[in-house]
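Read the structure below first, then the notes.
The values are calculated or read from the model by the stated rules, or taken from the named source; none is laboratory data. Keep in mind that this is a model prediction, so the values were computed, not measured. Neighbour counts run over all protein chains shown; Cβ positions are idealised from the backbone, glycine included.
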Amino acid sequence: MTDQHIPDRDEALALVYKHIHDENLRRHSLSVEAVMRHFAVQDGDDPEKWGVIGLVHDLDWEEHPEEHCVYTRRWLQDAGWPEDYIHAVLSHAWGMCTDVEPVLRMEKVLYTIDELTGLITATALVRPSRSLHDLNAKSVKKKWKEKSFAAGANREVIAQGAEMIGMELSEVIDQTIQGMRSAARELGLDGTES
């Protein structure tokens, strides 16, 4: 194989629209993409690569939740995606659905922020503004302590991920909020939706 296929955002988005029909799950994919791009820029890495990996990470969740990541692997392989992209995508579910351990910083960030974007979204939605623009890490940490709030957001995974990437939890939350702000309108979290 001489020329390796490098997927772009349009290709990734087409896959998302093909396999994900639930609006909230699509918005989750966009959240993770935005945060991945943000961290890539912070790290001086490739935001396009990090972004498309974030965009497709939950590709099979809606259609095959009981076999999460199995179909995603197949679909991405069939589309000719590079193995390092596929490995990164699968690593987000390490210890939950896959045995693919996050090794690269990009993979560790994905593992960390996947669940966190859900907690941040839930926190923004219960605020009067329904906006990310006036949300801060302190507010998210307050909701973090309420175990029944956004109970699906696995706090252990988030905390373990923060440790993996060597960042304080508050800083990871702050950076994730900043990343999500860049897509606030697409996410319905810019205060204009009621």
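Figures for the structure shown
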quantity	calculated
Residue satisfying all of: in the range 117-130; of a type in the set (Ser, Thr, Tyr) and part of a helix (DSSP H, G or I); surrounded by the fewest Cβ atoms within 10 Å (Cβ to Cβ) among these	Thr121
Verdict on Trp81 being among the aromatic types (Phe, Trp, Tyr), assigned to a loop (DSSP other than H, G, I, E, B) and either more than 25 Å from Ala162 (Cβ to Cβ) or touching a helix residue (DSSP H, G or I) at 6+ places or on another chain (Cβ under 7 Å) (or both)	yes
Residues located in the range 41-61, provided they are within 17 Å of Ala14 (Cα to Cα) and of a type in the set (Val, Ile, Thr)	Val52, Ile53, Val56
Arg26 vs. criteria crowded, with 18+ Cβ neighbours inside 10 Å, over 15 Å from the mean Cα position of the chain (by Cα), on the phi < 0 side of the Ramachandran plot and in a helix (DSSP H, G or I)	no
Extreme residue, surrounded by the most Cβ atoms within 10 Å (Cβ to Cβ), among residues of the range 142-180 that are closer than 18 Å to Val103 by Cα and free of Cβ contacts under 8 Å to residues at least 60 places away in the same chain	Gly161
Any chance Lys138 is among the charged types (D, E, K, R), within 25 Å of Arg73 (Cα to Cα) and part of a helix (DSSP H, G or I)	no
Of all residues making up the range 98-116, the number that are outside any helix (DSSP H, G or I) and either aromatic (Phe, Trp, Tyr) or surrounded by 18 or more Cβ atoms within 10 Å (Cβ to Cβ) (or both)	3
Residue, nearest to Val89 (Cα to Cα), within the range 62-75, restricted to residues that are part of a loop (DSSP other than H, G, I, E, B) and modelled with pLDDT under 90	Cys69
Single condition Ala40 does not satisfy, out of (1) among the hydrophobic types (A, V, I, L, M, F, W, C); (2) touching an Asp or Glu at 6+ places or on another chain (Cβ under 8 Å); (3) assigned to a loop (DSSP other than H, G, I, E, B)	(3)
Residue among Leu119, Leu110, Leu135, Leu169 that is modelled with pLDDT of 95 or more and under 24 Å from Val70 (Cβ atoms)	Leu110
From the options Asp78, Asp58, residue that is at pLDDT below 95 and either of a type in the set (Phe, Trp, Tyr) or under 15 Å from Leu110 (Cβ atoms) (or both)	Asp58
Of residues in the range 62-94 being farther than 17 Å from Asp8 by Cα and in contact with a Cys (Cβ under 9 Å, 6 or more places away or on another chain), the one surrounded by the most Cβ atoms within 10 Å (Cβ to Cβ)	His92
Counted residues, the range 53-75 - those being in contact with a Leu (Cβ under 9 Å, 6 or more places away or on another chain) and on the phi < 0 side of the Ramachandran plot	13
Verdict on Ile6 being among the aliphatic types (A, V, I, L, M), farther than 16 Å from Ala93 by Cα and more than 15 Å from the chain's Cα centre (by Cα)	yes
